[in-house]
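Following: one structure in structure tokens, then a few remarks.
What follows draws every value from the coordinates through simple rules; no lab data is involved. What you see is a predicted model, and the numbers here were worked out from it, not measured in a lab. Cβ coordinates were reconstructed from backbone atoms using ideal geometry, including for glycine residues, and neighbour counts include every protein chain displayed.
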Amino acid sequence: MWFLVQTPHPWRGIRQRPHHLMAWFARRGHRIHWVQPRYLRWLVERRRDFLEARREEPLPGLTVQPVTLLNGERLPAVRRCNRSRLARALGAGSGGGEEAGPRILWLYNPHESHLADAVPHDLLVYDIMDEYRGFPWSPPRIAEEEAELLRRADLVFAGTHALHEAKRAMAGGRVECILSGVDRELFAAAGGHGKAEAAWRTSPAHQAIRRRARRLAGYAGMIDQRLDQSLLRAAARALPDWEFVLVGPTVGELARLRGDPRIHLHPPVRHEDLPWYYRAWDAALLPFVESELTRHINPTKMLEYGAAGTPIVARALPDVARFYADGAWLYREPEEFLAHLREIDLLPPDAPAPRQRAALQWAEERGWDRLADRMLAIVEEMLARRRPH
């Protein structure tokens, strides 16, 4: 099969659901044509990226094609130009004939239903990761545009139970709830056995962190409006033995975090290096506010934290409470957050708590390989039903 993938996520950015799924599809022998937009203002501001952003094949069978778009999509002429460029870029990856196999148009942008008319395909899939109305940058008509894509898609994969419940009534085709997964082998490598243990103890991350604090709580991911800045500031004041490190790209106003000497903003690290950071922490955090956006997420980092064996303190968001209550310290109020960190401070260092053992089991059951194979089986089943008998 040929997967024609349109996503706003750059291949070399933070590894998210699309990256893991398409990498596994490629490993299973399918061809992936990944089209990622880059807007003209980025090229003006980052000329080196413009010169280097060429078509590449980071994995066997997976091609990444950047496509340059214009700003100002509210103007009809700009919108028509951008849509035409996206369609041409996606169409260029279809293999050039029926002998290449079925073409799966796989979309992540909720406002790209127009591609269904412009790109030849055998199956239209919408893999929904977030409640996009909750992002501050979402265009005004995002709800109407997503409703159109849901209506037209042959198959919708919802990455969270909350999204599945919210979107299935609007879908015109089949809807499946497929939660995100974890790279079990990568994150379990930090679990404290043999060479992995030695690598962790000698890693620069571990040594630098332990020079700063007796106890360290960490978060990895986008550092943006989802984080509860007031909670983190209050925890830094109330827990003198703890410091807090936030690893990842920063987006938006973060003045309350930058002003505290015991809250450290760390630049993004390679996905392959994250396990050693997790293992160096005494607690791994999901310190989100509750909002329209966060009420519909099922964070992949819960599985990554769990696979690394690090105690997890997380806000009891709907999907988090539904799927992870047995393996994490969940909170709804700031006092509970502080109490959980104090409890974790008293855990014996060499004996995993029952919650940690439960979190390790999540990872065993939710590897990306199993989830990707399940999704492929559903796609193949739908294609088989469409073939003439």
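Numerical summary
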read-out	value
Amide H partners (placed H, <5 Å) of residue 3, local residues excluded	31, 32, 33, 104
Rg(Cα)/(2.2 N^0.38 Å) for the chain, N = residue count	1.03
Residue-averaged 222 nm ellipticity for the chain, from DSSP H runs of 4+ at -39500 (n - 2.57), nearest 500	-11500 deg cm²/dmol
Stretch gain in nm, segment residue 174-residue 133, where the contour uses 0.36 nm per residue and the Cα spacing is subtracted	12.5 nm
Charge-dipole axis of region 184-365 as Lys and Arg at +1 and Asp and Glu at -1 on Cβ define it, positive-most pick from 278, 360, 313	278
Fully extended contour minus Cα-Cα distance, from residue 141 to residue 118, at 0.36 nm per residue	6.2 nm
Packing-based order for 344-356, 75-87, 318-330, using average beta carbon neighbours within 10 Å, highest first	318-330, 75-87, 344-356
Antiparallel content of DSSP bridges confined to the chain, in %, to 5	5 percent
Cβ-placed point charges (K, R +1; D, E -1), dipole of the chain about Cα centre in debye, nearest 20	920 debye
Shape category assigned to region 225-368 from the gyration tensor of Cα positions, a/c cut at 1.5	rounded
Helix runs (DSSP H) in the chain reaching 20 Å along axis by Cα, Kyte-Doolittle at least 1.6	none
Per residue Cα convex hull volume in Å³ - calculated over region 57-156	125 Å³
